[in-house]
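Visitor: I have a structure here, written as structure tokens, and I will follow up with some questions on it.
The values are calculated or read from the model by the stated rules, or taken from the named source; none is laboratory data. Bear in mind that the values here come from a model prediction, so they are computed numbers and not experimental data. So basically every Cβ, Gly included, is an ideal-geometry build from the backbone, and we count neighbours across all protein chains shown. Side chains are part of the model used for accessible areas, which takes the heavy atoms of the whole protein and leaves out ligands, DNA and RNA. Shrake-Rupley method; radii C 1.70, N 1.55, O 1.52, S 1.80 Å.
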Amino acid sequence: MASLKKIARRTFLIGSAAVVGGVAFGVYKLEQDPKNPLVSREGATALNPFVIINEDGVTLIAPRAEMGQGVHTTLPALIAEELDVAWQDIRVMHGPGAAAYYNGALLGKALPFLDYKVGPIKEDMRQFVGQAGKLVSLQVTGGSTSTADAYERFREAGATARETLKLAAAKRLGVDVSSLKTENGNVIAPDGTLLSYASLAVEAAQIEPPKVELRPASDWKYLGKSMPRTDMIGKSTGTATFGVDVRLEGMKFATVRMSPKRGKMLSFDASDAILMDGVEQIIDLGDGIAVIGSNTWLCIQAAEAVEIVWDDATHSQSTENAFAQIEAAFGTEADITRDEGNVEKAQDGIEVTAEYRVPYLAHATMEPLNATALYTGDALTIWCGNQGPVLVQRNAAAAVGLDASQVTVNTTLMGGGFGRRGETDFAVIAARVAREVPDVPVQVTWSREEDMRHDFYRPAAIGRYRGVVKDGAAVLLDGRVAAPSASQQAMKRWMGQDPVGPDKELGAGGFDQPYAIPNYRFGTHIADARLPVGFWRSVSASFNGFMFDSFMDEMAHAAGADPLAFRLAAMGDEHEPSRKVLEKVGEMCGWTGQTPQGVGRGVAFTSSFETPVATVVEIVDQGGKIRLNKVWMACDVGVALDPSIIKAQLTGGAIFGLSAAIFGEITIAEGAVEQSNFYDYELLRMHTAPSFEVEILQNKPIVSGIGEPGTPPSIAALANAVFDLTGERPRELPLVKSFDFLA
């Protein structure tokens with residue numbers, strides 16, 4: 001990857017997102033800009049952490065990692081829209097770990113609001129609270145926040161840069177700034193004189209950036225259109241640099257083999273492995289070993305040749321034990337995250353009850369975990385695909401006895417993240433291995449088996465629902481979910497402390513659905529299962545979406561109502577954008593509520609990460625096996641910055657969800673995870689994937705993300721389609737345990 005330091009030596013930085021000072025110290029502390037992490041040297045000036053202008057053109061320092069969501073395409077478009085440079089001419093580099101690159105959108109979402117009811121006032125509150133992310137250096141790629149966080153911030157950076165350059169040109173030419181215009185990277189004087197941005201950068205650096213007004217959407221040239229993705233050529237030709245592609249002079253390769261039971265290592269015998277030609281060193285990591293050698297494959301073979309005696313597991317000994325702990329959590333007091341009407345009062349009508357179960361799931365990224373590290377005694381440099389470079393910086397520093405300021409993190413492209421690369425274990429191990437061979441860069445690559453068996457899994461969960469329908473409509477819904485808390489465990493690992501207040505995330509996809517059911521309650525119970533869990537694409541909405549919408553389907557059938565019409569009636573006028581999404585997907589697939597023999601259709605709706613998504617899945621009976629035929633999806637993201645990326649993300653999210661619904665399951669036996677590779681942790685393949693049709697609506701007032709919202713309703717829609725086809729109601733995943741799918 002290109003060198004950020006090299007750019008910084010040659011660069012003049014301009015432009016800044018305007019920040020208004022507060023009236024009290026606490027407010028000021030929240031609103032002041034973090035320190036610019038880019039260093040000025042050799043006469044260059046670094047004023048802003050995002051936009052670089054030099055003789056090479058404009059470079060954007062992206063605060064979010066590119067992991068398939070298209071930030072290398074959309075973020076430059078946000079800058080270009082205001083800066084008046086050609087979008088495709090903006091280079092993109094990942095930023096270093098720094099507070100300046102905090103994710104302002106992520107923290108604000110923790111406020112206990114129903115996301116679909118967030119209007120301008122609550123949104124201002126969320127943005128204010130989100131600024132606290134700079135105090136804890138919350139530089140995280142996740143939560144479908146990349147574009148929502150950048151939407152105004154980057155346009156402001158581009159606009160202030162443009163206006164500052166115009167002020168510099170006005171001063172040099174002795175003309176009024178209002179007489180100047182900008183185009184194609186130049187300031188243009190009334191007499192036609194062109195002053196390039198690069199030629200004005202030094203003077204602009206001396207000027208306080210002015211307040212700016214952002215251009216209206218009607219003036220946009222790039223945003224709102226499908227742009228050719230700038231990362232596609234490299235990824236398609238194999239020239240893009242992922243973590244596993246990093247190559248450094250004199251580099252060694254390594255792998256790890258850790259306790260399959262996540263316990264200690266009692267002893268090991270490496271006498272045979274160390275004799276293998278090319279194996280150079282075997283390191284005791286305490287809970288496993290690392291092998292350093294001349295290539296990754298050799299190291300994996302040598303690691304398998306080491307004889308190791310492991311200690312017992314510290315977590316649940318079996319899948320059955322884990323579910324017993326989750327069941328027991330229902331005996332604890334619930335956090336009630338929504339309580340409208342009175343679900344305890346007897347209601348006339350038909351009562352419906354159901355229990356749903358979902359298993360633990362692995363992230364199973366296509367690129368196995370890896371990181372490259374170089375330890376020199378007083379400094380550590382790491383190269384890896386990651387979703388939290390500041391966390392990598394802190395944790396790797398602590399692991400090798402350095403200060404975080406002595407650690408540099410280079411973020412590469414990543415072959416799948418889905419939340420797994422928000423953890424830092426793979427980088428920390430690379431740092432520890434590198435410390436054993438000072439001044440030698442070492443790339444540590446995990447085997448697929450090590451990756452699969454040492455994940456931070458999507459929690460298993462149980463949902464219990466009770467509802468009442470009367471005269472074809474829902475009059476009561478009382479839902480509870482019990483599961484280990486991904487938020488609680490992740491915050492403990494990341495911040496060293498438990499999160500404050502109820503776990504809003506655990507109820508996502510359940511308590512926050514835009515239905516006007518008169519008696520609507522939802523509660524969560526945190527289970528004390530000790531198998532490590534973490535954030536998995538769409539997090540708790542992945543299982544609550546399945547359970548909640550499956551139950552809506554059950555209530556619809558109990559009421560004798562059409563499933564789509566039942567949902568629309570239950571939604572009423574609660575949230576018009578969501579209702580229109582449901583109506584749209586019905587129009588797209590020509591929904592009639594009737595399917596011919598051998599065909600099943602299921603509709604589902606989940607609002608997650610502030611994006612309502614409605615999905616219809618059609619399946620067919622093919623010789624006694626279920627084949628996915630077609631999926632229709634409709635969403636509302638408020639402002640569609642790049643329709644083609646939105647469609648790709650929705651499609652990918654649905655494939656992710658359908659794979660998990662049909663095949664995904666992590667089981668535990670004698671303290672160890674049983675699955676190890678794609679042969680026993682299946683995904684949809686090209687020939688078993690359905691075709692897709694996607695529509696994007698723009699009725700919401702607030703921009704929202706799209707990386708995760710496609711996953712939850714795809715799972716529920718498939719389950720509802722299976723019921724339509726077979727007459728059997730799926731209440732437990734994966735579906736392949738009860739139904740025969742085309743392989």
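Visitor: Could you tell me what percent of the accessible area of segment 151-270 is made up of carbon and sulfur, with a 1.4 Å probe and every protein chain present?
Guide: 51 percent
Visitor: Using alpha carbons only, how many angstrom separate the centre of segment 692-743 from the centre of segment 577-638?
Guide: So the separation of the two Cα centres works out to 8 Å.
Visitor: I'd like to know how segment 348-453 sits against the 2.2 N^0.38 Å rule of thumb: what's its Cα Rg over that expected value?
Guide: 1.44
Visitor: Please give the direction-averaged projected area of the C-alpha convex hull for segment 603-743, in square nanometres with one decimal.
Guide: 9.4 nm²
Visitor: Related question: Once you compute Rg and the Kirkwood Rh from C-alpha atoms, what is the Rg to Rh ratio for segment 45-183?
Guide: Ratio of gyration radius to Kirkwood radius for segment 45-183: 1.02.
Visitor: To continue, here is another question. In µm²/s, what is D for segment 154-209 at 25 °C and 0.890 mPa s, where D = kT/(6 pi eta Rh) by Stokes-Einstein and Rh is the Kirkwood radius from Cα pairs?
Guide: 223 µm²/s
Visitor: Quick one: grab the alpha carbon gyration tensor of segment 237-341, order the square roots of its eigenvalues as a ≥ b ≥ c, and give me rounded if a/c is under 1.5, else prolate or oblate depending on whether a/b is larger than b/c.
Guide: It comes out oblate by the Cα gyration axes.
Visitor: Accessible area of segment 326-373 with a 1.4 Å probe: how many percent of it is carbon plus sulfur?
Guide: Whole-percent figure for carbon plus sulfur exposure: 44.
Visitor: Hey, if you put +1 on the Cβ of every Lys and Arg and -1 on every Asp and Glu Cβ in the chain, which of Thr688, Gln139, Ala486 ends up farthest toward the positive end of that dipole?
Guide: After comparing all options, I get Gln139.
Visitor: Right, here's the next one. Taking Cα pairs under 8 Å and at least six residues apart, what relative contact order does segment 350-475 come out at, in percent?
Guide: 42 percent
Visitor: Leaving out same-chain residues fewer than 8 places away, which lysines sit with a Cα under 26 Å from that of Lys584?
Guide: Excluding near neighbours in sequence, the set is Lys117, Lys225, Lys630, Lys647, Lys700.
Visitor: While we're on this one: Calculate the length of the line joining the C-alpha centroid of segment 328-369 to that of segment 113-135, in whole Å.
Guide: When both Cα centres are located, 26 Å separates them.
Visitor: Which lysines does Lys166 reach when only Cα atoms under 24 Å apart count, and residues fewer than 8 places away in its own chain are ignored?
Guide: Here the lysines satisfying the reach criterion relative to Lys166 are Lys181, Lys211, Lys221.
Visitor: Could you list the square roots of 5 times each eigenvalue of the Cα gyration tensor of segment 275-425, that is, the equivalent ellipsoid semi-axes, sorted largest first and rounded to whole Å?
Guide: Result for segment 275-425: semi-axes of 45, 23, 16 Å.
Visitor: Classify segment 56-126 as rounded, prolate or oblate, taking a ≥ b ≥ c as the square roots of the eigenvalues of its Cα gyration tensor: rounded when a/c is under 1.5, otherwise prolate if a/b is larger than b/c and oblate if not.
Guide: prolate
Visitor: Taking every pair of alpha-carbon atoms in the chain, give the share separated by more than 46 Å as a whole percent.
Guide: 23 percent
Visitor: Hey, what did the chain get for relative contact order, percent, Cα under 8 Å, at least 6 apart?
Guide: RCO, the chain: 13 percent.
Visitor: Per-residue HN-Hα couplings for segment 619-630, Karplus 6.51 cos²θ - 1.76 cosθ + 1.60 at θ = phi - 60°, whole Hz, x for Gly and Pro?
Guide: 10, 10, 8, 10, x, x, 10, 8, 10, 6, 9, 8
Visitor: Can you work out the Karplus-derived ³J(HN,Hα) for every residue in segment 172-189? Use 6.51 cos²θ - 1.76 cosθ + 1.60 with θ = phi - 60°, whole Hz, and x for glycine or proline.
Guide: Whole-Hz 3J(HN,Hα) from phi for segment 172-189: 5, 8, x, 10, 6, 4, 5, 8, 9, 9, 10, 6, 6, x, 10, 9, 10, 7.
Visitor: When ranked by the protection proxy of mean other Cβ atoms within 10 Å per residue, highest first, what sequence do the peptides 399-408, 533-542 form?
Guide: 533-542, 399-408
Visitor: For segment 661-743, which chymotrypsin sites (Phe, Trp or Tyr not before Pro) pass both filters: DSSP loop (anything but H, G, I, E, B) and at most 10 other C-beta atoms within 10 Å?
Guide: Listed in order of number, the matching sites are Tyr679.
Visitor: Could you state the accessible area per residue of the chain in Å², with a 1.4 Å probe and every protein chain left in place?
Guide: Computed with neighbouring chains in place, this is 38 Å² per residue.
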